[in-house]
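Input: a single structure, listed below in structure tokens.
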Amino acid sequence: MEQEPRRSRTTEAFFGRRRGKPVRPHQAIALENGLARMGIDIKTLAPDDLRTLFAAPVSRVRLEIGFGGGEHLRHIAANNPDDGFIGVEPFVNGMAKMTTALDGQPLANIRLYDEDATQLLDWLPQASLAGIDLLYPDPWRKKKHWKRRFVSPVNLDRFARVLKSGAKFRFASDIDTYVNWTLLHCRAHAAFEWQAADAADWHTPYEGWTRTRYEAKAIRENRTPAYLTFVRV
């Protein structure tokens, strides 16, 4: 079996393996065609107005980092046709599921990126996003791996650069240590203000939320999800 080339440390820092089981032939075709049609090429210069990336007319652009199989992203894009969505997922099998689903039910307000999200964030223009979602990211449970968690001072700086004033960074997780980690990091960052008045605020799913398979599994295993919202000040 051909060995995948070793990734750079920048990529290795925030997510694990790139591939799972071999994708099925029809998924492989959908993946190739879908990325050719919807994929973002960061080797080109980013447009000053991100709305021009989309086939459909959109009023603003939002980003979801690590969309898994794409259930949430497809749901929110279908229910918010006036918004453009960029979805990032480096795991090949997740991207294959997404492109296969979009092959059957196309959405003109979605664009995709299949590499390290930090590369895309550095490519995006300043103050160009109306929101960022980081939903159920890899928690890197072992303390020695905490440095690989996506929420970090350097990535919050990236978020602060690309988010418009008043835009929201939303973080959902069922791992208490990562929830606390995110609260501490965001509250220590001058660009973000936590939007919560009481416990119900972070235990209530976001408006228009659809439950992913991962969240359903977490609830079956008695792990309580938390839904945090931070505003770019």
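When each of the peptides 47-59, 74-86 is scored by how many other beta carbons lie within 10 Å of its residues on average, the order from highest to lowest is 74-86, 47-59. Taking the DSSP beta bridges with both ends in the chain, the antiparallel portion is around 30 percent. Per residue of the chain, the DSSP helices (runs of n ≥ 4 H) give a summed -39500 (n - 2.57) that works out to -10000 deg cm²/dmol at 222 nm. For the chain, the relative contact order comes to 20 percent (Cα pairs under 8 Å, sequence separation of at least 6). In the chain, one over the average inverse separation of all distinct C-alpha pairs is 18.3 Å, which is the Kirkwood hydrodynamic radius. Expressed to the nearest 5 percent, the antiparallel share of DSSP beta bridges inside region 122-233 is 60 percent. Taking all protein chains into account, the per residue accessible area for the chain stands at 53 Å² (1.4 Å probe). Ordering of 21-28, 166-173 by packing is 166-173, 21-28, highest average first (other Cβ atoms within 10 Å, averaged per residue). Here is the list for region 187-233: GluC sites (Glu not before Pro) lying in DSSP coil, each with at most 15 other C-beta atoms within 10 angstrom of its C-beta, are Glu207, Glu221. Using Cβ point charges alone (K and R +1, D and E -1), the dipole size of region 76-208 about the Cα centre works out to roughly 640 debye.
Taking the Cα centre of each part, how many Å lie between region 49-78 and region 175-190? Spelled out, the Cα-based centre of one part sits 26 Å from the other.
The values are calculated or read from the model by the stated rules, or taken from the named source; none is laboratory data. This structure is a prediction, so every number in the text was calculated from the model and none was measured. Ideal geometry is used to build each Cβ from the backbone, glycine not excepted, and the neighbour counts take in all protein chains shown. Ligands, DNA and RNA are stripped out before the accessible areas are found, and what is left, the full protein with its side chains, is counted by its heavy atoms. Shrake-Rupley method; radii C 1.70, N 1.55, O 1.52, S 1.80 Å.
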